[in-house]
Amino acid sequence: MAAALALAALMAVAGTVLALLARRWPEDTQTLLARVDAALPQTQCAQCGFPGCRPYAEALVQGDAAVNLCPPGGEATVQVLAELLGVAAQPLAQCAPTEPMKALIIEADCIGCTLCILACPVDAIMGATKHMHTVLLDECTGCELCIAPCPVDCIELVPARLC
Amino acid sequence: MLVTTRQPTQLHIALQQYATRALPQVQAHQHIASGQCLADHPNGVPVYAPRAGRVRSVSAQCITIDVDTDSHEAPALVEPHDHFLERVRQGAMVGLGGAAFPAHHKWRGTPHTLVINAMECEAPIHCDRALLSIRPDSPLRGGEILAEALGIARCVIAAKADFAPIFQSMLPRVPSWELFTPAPHRGIGAERTLLRALDGATLHGPASEQGYIVANLGTLDALARWWDHGFALTHRLVSVGNEQAYWAALGTPLPDLLPDTQDAQNTENAAAHSRTLRVGGLLSGTLSTEHHRGLQAQDNSLSWDDASTAPLPAEPCIRCARCAPVCPEGLLPQQLHWYQHQSEALVALGIDACTTCGACDSVCPSHIPLAAQFMRAKKTLRTQRSIDAMAERAQARFAVRNARQTRRAEQAVERRAQHRQGDKRQDAIAAALAKRRQRKAS
Ligand code: SF4
Ligand code: SF4
Ligand code: SF4
Ligand code: SF4
Ligand code: SF4
């Protein structure tokens, strides 16, 4: 009886220590954060309600966000996130885009206001004040964040396969 | 072997090249001479007019020319460059084996061995057979030019058994060259497999990085014609079906090269219209129902995909392991087949080394289209890798941008603080001044 009690006490102590360690171990959360971030598509479109994939990953790791918020990642990403975080997968909150897109500036119409540069999360736009701007197609993730700020509506989305 | 030339009436010249797209230098309605430069790109090769005519339309993808009835193939209208590789580029030299990779990129470095690849082993491609029947000397001349320009000491003609006698009879012209006839084997024409058979060399990465240049007969023929006669690459041999070949201008509409389509147009035979065309070999080729495009440099063979070439229906793998010993790359095709949808397992099994030669197909008692599956898997893997690489770059660029924004915000706060400090100094001066005035007044 005493032995059983001692064993139970030992297990309780060990369990608490392990649980505390898991909570307090910064590397562990760091690697989890890195893995969650890597599982996101890096479109940086903010459709998840967070200003980019990294912030969404941080919220996920802290348990402050649902796993079904990233439309570019689609159902596949929901599955991976649920697995990584040990929670149940849910259907995607918004429908996923049908195919990858890229932004294209109609250069003849650009007035060089630089608003799109400020909006682009991955520095994929080149240009200078009052000069023509252009999108670096290799770097553009198709996040659409540059479309709304353009005052002359000269940025269009085209399917990536046509670029 | 019947090799014919065709006078085209219209040409649809594609501007897409291996890794770039040439930029047009002509405008619609302009009259152009045969051999005139139509488009160019510094990362690619120039595009010349195969015939004289009038430009009908120009788009980013294609230049369409209405050909003058009496026009001929003519030397390119350019001054040949002195530098070897630049002159190779200028002649629009690309690999005619099927990839159309720019030769001036492939022929860089200091190679020690030139391998002339005369192994043509994928049915129904027979451009090399056609070439050897019309100008057998030309590829050898191309090899001489290349070997001399790059100072290559060792030249090997790797010829399949049918071609060996032809080269044997020409060897006295090039006494120091070797003639190598490897044992016939599926997939022996793949660069990597061929070099292993020749030297036991195991390649990781491009052959050129290990001192080998493997050149196709058609490419060397093109080089000889450019060097000795000034013809840039505006034509190629394309084999049609099993027995016919054309010396055709790039841009010739494919229907003009397919006698059956002409019949179909004449007889309004709808069934023939909707047939599937195979461009390339049985294994490496692509199928399309879109016949109305122009001939491109990589199109080596045209054939109909019909019942006679259709494979028997596939049955499940019985794990007989007959496919493993025949794989020239030492892979386990049955395992690759088993894991065909799992990229990690495929990579671990070495799918990157698979040349999709089809040796495994040929022995499989279940008629499983293994090579076709592996080709698809490799393509999926390539797409996945490029998506991953892009995501990684986006992640890094996003982090850099955020760091910059944070730094700017901090700098702004600092500046404002400094500005306020400046205000404080002004206040101090004002206070001191007021005090001084008071004292003066009292
Ligand atoms: S929705 Fe997805 S891709 Fe867009 S920022 Fe959020 S996590 Fe990134
Ligand atoms: S260019 Fe536009 S669509 Fe492309 S990444 Fe930048 S903001 Fe997004
Ligand atoms: S927002 Fe529009 S107009 Fe302004 S610089 Fe960008 S593309 Fe040009
Ligand atoms: S797996 Fe099959 S197709 Fe691939 S290299 Fe081996 S034998 Fe050829
Ligand atoms: S030869 Fe065909 S049936 Fe036999 S193990 Fe290979 S894939 Fe399976």
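Scanning the stretch B:69-94 for residues that are exposed (fewer than 13 other Cβ atoms within 10 Å of the Cβ) and more than 25 Å from the chain's Cα centre (by Cα) gives B:Thr69, B:Asp70, B:His72, B:Glu79, B:Asp82.
The listed residues are B:Ser442, B:Ser343, B:Ser366, and the only one of them that is over 22 Å from the mean Cα position of the chain (by Cα) and within 14 Å of chain A (Cβ to nearest Cβ) turns out to be B:Ser343. The residue of the stretch A:148-162 that is farthest from ligand 2 (Cβ to nearest atom), among those that are part of a loop (DSSP other than H, G, I, E, B) and surrounded by 15 or more Cβ atoms within 10 Å (Cβ to Cβ), is A:Cys154. All conditions in (1) under 21 Å from B:Val400 (Cβ atoms); (2) within 12 Å of chain B (Cβ to nearest Cβ); (3) open to solvent by less than 40 Å² (accessible area, probe 1.4 Å) hold for A:Leu33, with the sole exception of (2). Restrict the check to the stretch B:364-379 and report whether at least one residue is at positive phi and in contact (Cβ under 8 Å) with a residue 24 or more places away in the chain. Looking through the stretch B:364-379, at least one residue is at positive phi and in contact (Cβ under 8 Å) with a residue 24 or more places away in the chain.
Of all the residues in the stretch A:122-163, those that are facing another protein chain (nearest Cβ under 10 Å) and among the acidic types (Asp, Glu) number 3.
Look at B:Glu122 and say whether it is acidic (Asp, Glu), in contact with a Ser or Thr (Cβ under 8 Å, 6 or more places away or on another chain) and buried (at least 21 other Cβ atoms within 10 Å of the Cβ). Considered against the rule, which asks whether it is acidic (Asp, Glu), in contact with a Ser or Thr (Cβ under 8 Å, 6 or more places away or on another chain) and buried (at least 21 other Cβ atoms within 10 Å of the Cβ), B:Glu122 comes out as yes. Do the conditions hold for B:Pro50, that is, is it farther than 30 Å from B:Leu23 by Cβ, touching a strand residue (DSSP E or B) at 6+ places or on another chain (Cβ under 6 Å) and outside any helix (DSSP H, G or I)? So B:Pro50 does not fit the description; no. When residues in the stretch A:121-134 are screened for being among the hydrophobic types (A, V, I, L, M, F, W, C) and either part of a helix (DSSP H, G or I) or within 9 Å of ligand 3 (Cβ to nearest atom) (or both), 2 of them pass. For the stretch A:98-119, the set of residues classified as within 14 Å of chain B (Cβ to nearest Cβ) and either away from ligand 3 (no atom under 12 Å from the Cβ) or in contact with an Asp or Glu (Cβ under 9 Å, 6 or more places away or on another chain) (or both) consists of A:Glu99, A:Pro100, A:Met101, A:Lys102, A:Ala103, A:Leu104, A:Ile117, listed by residue number.
In the stretch A:42-68, which residues are within 10 Å of another protein chain (Cβ to nearest Cβ) and open to solvent by 40 Å² or more (accessible area, probe 1.4 Å)? Scanning the stretch A:42-68 gives A:Pro51, A:Arg54. Take A:Asp64 and tell me if it is within 16 Å of ligand 2 (Cβ to nearest atom) and charged (D, E, K, R). When the stated conditions are applied, A:Asp64 does not pass them. Selection within the stretch B:181-224: residues that are open to solvent by less than 40 Å² (accessible area, probe 1.4 Å) and in a loop (DSSP other than H, G, I, E, B). The member of this set that is nearest to ligand 5 (Cβ to nearest atom) is B:Gly187. Taking the criterion of being open to solvent by less than 80 Å² (accessible area, probe 1.4 Å), more than 13 Å from every other protein chain (Cβ to nearest Cβ), within 30 Å of B:Ala19 (Cβ to Cβ) and of a type in the set (A, V, I, L, M, F, W, C), would at least one residue in the stretch A:75-93 satisfy it? Checking the stretch A:75-93: not a single residue is open to solvent by less than 80 Å² (accessible area, probe 1.4 Å), more than 13 Å from every other protein chain (Cβ to nearest Cβ), within 30 Å of B:Ala19 (Cβ to Cβ) and of a type in the set (A, V, I, L, M, F, W, C). Could you check, for the stretch B:100-112, whether at least one of its residues is more than 24 Å from B:Glu148 (Cα to Cα), without any contact (Cβ under 8 Å) to a residue 40 or more places away in the chain and open to solvent by 20 Å² or more (accessible area, probe 1.4 Å)? The answer is no; no qualifying residue exists. Is it fair to say B:Thr355 is closer than 20 Å to B:Leu282 by Cβ, more than 16 Å from ligand 5 (Cβ to nearest atom), within 26 Å of the chain's Cα centre (by Cα) and not charged (D, E, K, R)? Considered against the rule, which asks whether it is closer than 20 Å to B:Leu282 by Cβ, more than 16 Å from ligand 5 (Cβ to nearest atom), within 26 Å of the chain's Cα centre (by Cα) and not charged (D, E, K, R), B:Thr355 comes out as yes.
Restricting the stretch B:374-402 to residues that are within 27 Å of B:Thr202 (Cα to Cα) and open to solvent by less than 20 Å² (accessible area, probe 1.4 Å) leaves a set whose member that is nearest to the other protein chains (Cβ to nearest Cβ) is B:Leu381. Scanning the stretch B:380-398 for residues that are of a type in the set (S, T, N, Q) and without any contact (Cβ under 8 Å) to a residue 12 or more places away in the chain yields B:Thr383, B:Ser386, B:Gln395.
Restricting the search to helices (runs of 4 or more DSSP H) fully inside the stretch B:225-344 and requiring at least 2 residues that are farther than 25 Å from B:Leu96 by Cβ and modelled with pLDDT under 95 gives B:259-267, B:270-273, B:323-326.
Conditions (1) under 16 Å from B:Ala249 (Cβ atoms); (2) of a type in the set (Gly, Ala, Ser), marked per residue:
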| site | (1), (2) |
| --- | --- |
| B:Gly53 | yes, yes |
| B:Thr64 | yes, no |
| B:Val115 | no, no |
| B:Met119 | no, no |
| B:Asp128 | no, no |
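So which residues in the stretch A:118-133 are in contact with a Cys (Cβ under 8 Å, 6 or more places away or on another chain) and within 23 Å of B:Gln395 (Cβ to Cβ), if there are any at all? If the condition is that a residue be in contact with a Cys (Cβ under 8 Å, 6 or more places away or on another chain) and within 23 Å of B:Gln395 (Cβ to Cβ), then A:Ala119, A:Cys120, A:Pro121, A:Val122, A:Ala124, A:Ile125 are the ones that fit.
The values are calculated or read from the model by the stated rules, or taken from the named source; none is laboratory data. Keep in mind the model is a prediction, meaning the values are calculated, not measured. In this analysis, Cβ positions are derived from the backbone assuming ideal geometry, glycine residues included, and neighbour counts consider all displayed protein chains. The protein model used for the area step is the full one, side chains on, heavy atoms only, and it has no ligands, DNA or RNA in it. Shrake-Rupley method; radii C 1.70, N 1.55, O 1.52, S 1.80 Å.
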